[in-house]
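Derivation of every value follows stated rules applied to the coordinates shown; laboratory data play no part. Note that this is a predicted model, so its numbers are computed, not measured. Glycine also receives a Cβ, built like all others from the backbone with ideal geometry; neighbour counts cover every protein chain displayed.
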Amino acid sequence: MAEAEIIAVGSELLTADKIDTNSLWLTAELNGIGIEVVRKIIVGDERTRLSDSVRAAAGRSAIVIVTGGLGPTEDDVTRDAVAAALGRQLIFSEQVSEAIRERFRSFGRKMAEVNKRQAFVIEGAEVLANPRGTAPGQWLDTGTAVIALLPGPPRELMPLFTEKCIPRLRAKFASRVIRTRFFRATGIGEADLDQAIAPVYTRYRNLATTILASHGDLQIHLRAQSDTEAEADRLLDEVGGQILPLLGDKVYSRNGDPLEAVIGAVLRERGQTLTVAESCTGGLLAARITSIPGSSDYFRGGFVTYANETKTSLLGVPADLIAEHTAVSDPAARAMAEGAKRCTRADYALSITGYAGPDGGTAENPVGTVFLGLATPAATDARRLRLPGDRERIRTFTVQYALDMLRHALGI
């Protein structure tokens, strides 16, 4: 199978507030024609570093996609750097220059002299006309690798790659199919999950398995490579059929949907509703639930009751209960859930109360102690958690565990 590398050019992509989204889109497009992306890097606007990166990528992989740095200014160094990497000359193209000049005329403007820089073509390259911008792409076949230079703006890059590069890649490289299957699990550690399923997936050479863990949520990505979609799907079915029984009810999604989406779909299907009452998570649980479009079909609303007095006035938690057991306790979590359910007439109510830190806690219930409450149409239950980590970790894991508690109550 052909392998590709993507090099995104631009010093702005190395700042904290700019994300390289082009490489994500390109990866999906390349995978769609059976080409595996094995490396992505970002290089600033510096000729030597970029030249070294292109030379190394072309020596390793059959396909190199370079995005950005094709503008008319001094910091647009891609053409120079790629030419240097290949030991080739840059040749001025009067035809390209005239095409750029004509584009400016169509807007009633005169082309600046600096735009002529965009008319330099690497020796031996094929020009990829770009009707949506002034920077044409370039396509080079070195014999051992193909290198595509593409403009950085997505509105120019995407159609240029689809219309000009995809057909060339299909013609040069034997087409293979890459299919992906996504499972999601919770309530199990990453190491325990991998220990359970590794004996299965490691037996297959044409299968790539990735496990991603984030705040108690685990994603299992299975990627199969075959000559046809049917063969790839059969392989995924075979492997998935062995993995799922090993994980049992830890798996909550078989299509990659997050936990809040899976729960919301069941509530909507059953015509049931949900409300929440939060203390230490300060609305994070409600935010997760309402991140799903259409959640108003089943989500009644929520309460953020930080102060004890608010728990009493809004949720009806008895003041003497708090005085006897404290607000961070099993009885308080139950009373919060029942109060939220009663106030909104929801079918289910989740509650959270705890010590997220860094201060607070008691000898019996130190920082990291959280109580979850769940009121259902049949009963009310509570669960005590003892979570390590900083404030953010405790709060994020708490929300995941609360949703998982509801998932089990729904029988998902």
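Taking 51 Å as R0, compute the FRET efficiency from the Cβ-Cβ separation of Thr21 and Thr362 and round it to 0.05. Mind dumping the intermediate values first?
Details: r = 47 Å, r/R0 = 0.93.
According to the calculation, E is roughly 0.60.
Starting from the Kirkwood radius over alpha-carbon pairs of the range 177-294, derive D by Stokes-Einstein at 10 °C in a medium of 1.306 mPa s and give it in µm² s⁻¹. Kindly include the intermediate steps, with their values, before the conclusion.
Working: Rh = 15.9 Å.
In µm²/s, the coefficient rounds to 100.
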*Beyond 22 Å, what share of the Cα-Cα pairs of the range 3-172 is found? Please give it as a whole percent.*
39 percent
*asked:* Give the lysines whose C-alpha is closer than 16 Å to that of Lys341, dropping any in the same chain fewer than 8 places away, or say none.
replied: Lys311
*asked:* With only alpha-carbon pairs counted, each pair once and no self-pairs, how large is the Kirkwood hydrodynamic radius of the range 163-228 in angstroms?
replied: 14.0 Å
*Once you list every other residue whose beta carbon is under 11 Å from the beta carbon of Thr210, what net charge do they have if Lys and Arg are +1 and Asp and Glu are -1?*
0
_Descending principal axes extents, the range 94-151, alpha-carbon based, whole Å_ = 44, 19, 15
*Please report, in Å, the Rg and the Dmax of the chain, where both are computed over Cα atoms only.*
28.2, 87
*Within the chain, what's the longest run with no GluC sites (Glu not before Pro) in a DSSP loop and at most 16 other beta-carbon atoms within 10 Å? Give the range, please.*
124-363
*Choose one answer from Asp17, Asp347, Asp297: the residue with the largest mean-square fluctuation in a GNM of the chain with alpha-carbon springs under 10 Å.*
Asp17
*Subtract the Cα-Cα distance of Ala129 and Ala213 from 0.36 nm times their separation in residues, and report this length gain in nm to one decimal.*
25.9 nm
*Among Lys40/Lys110; Lys110/Lys164; Lys116/Lys164; Lys18/Lys116, which pairs are too far apart, with a Cα-Cα distance over 26 Å?*
Lys40/Lys110; Lys110/Lys164; Lys18/Lys116
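I need the calculated FRET efficiency for the pair Ser175 and Arg393, taking r as the beta carbon distance and R₀ as 56 Å, to the nearest 0.05. Don't skip to the end; give the middle numbers.
Working: r = 45 Å, r/R0 = 0.80.
Efficiency computed from Cβ-Cβ geometry: 0.80.
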*In the chain, which longest range has no chymotrypsin sites (Phe, Trp or Tyr not before Pro) that are both DSSP loop (not H, G, I, E or B) and surrounded by at most 13 other Cβ atoms within 10 Å?*
108-305
*asked:* So if each residue of separation counts as 0.36 nm, and I subtract the Cα-Cα distance between Arg105 and Asn308, what length gain in nm does that give?
replied: 66.1 nm
*Take the Cα of Arg39, step 7 Å along the line toward its Cβ, and report every residue of the range 1-18 whose backbone nitrogen sits under 14 Å from that point.*
3-8
*Farthest positive-ward along the chain dipole, Cα basis, beta-carbon charges - from Ser23, Leu247, Leu406*: Ser23
*the chain - charge dipole about Cα centre, Lys and Arg +1 at Cβ, Asp and Glu -1, debye rounded to 20*: 660 debye
*What Kirkwood hydrodynamic radius, in Å, does the range 253-412 give when the mean of 1/r is taken over all pairs of distinct Cα atoms and then inverted?*
15.5 Å
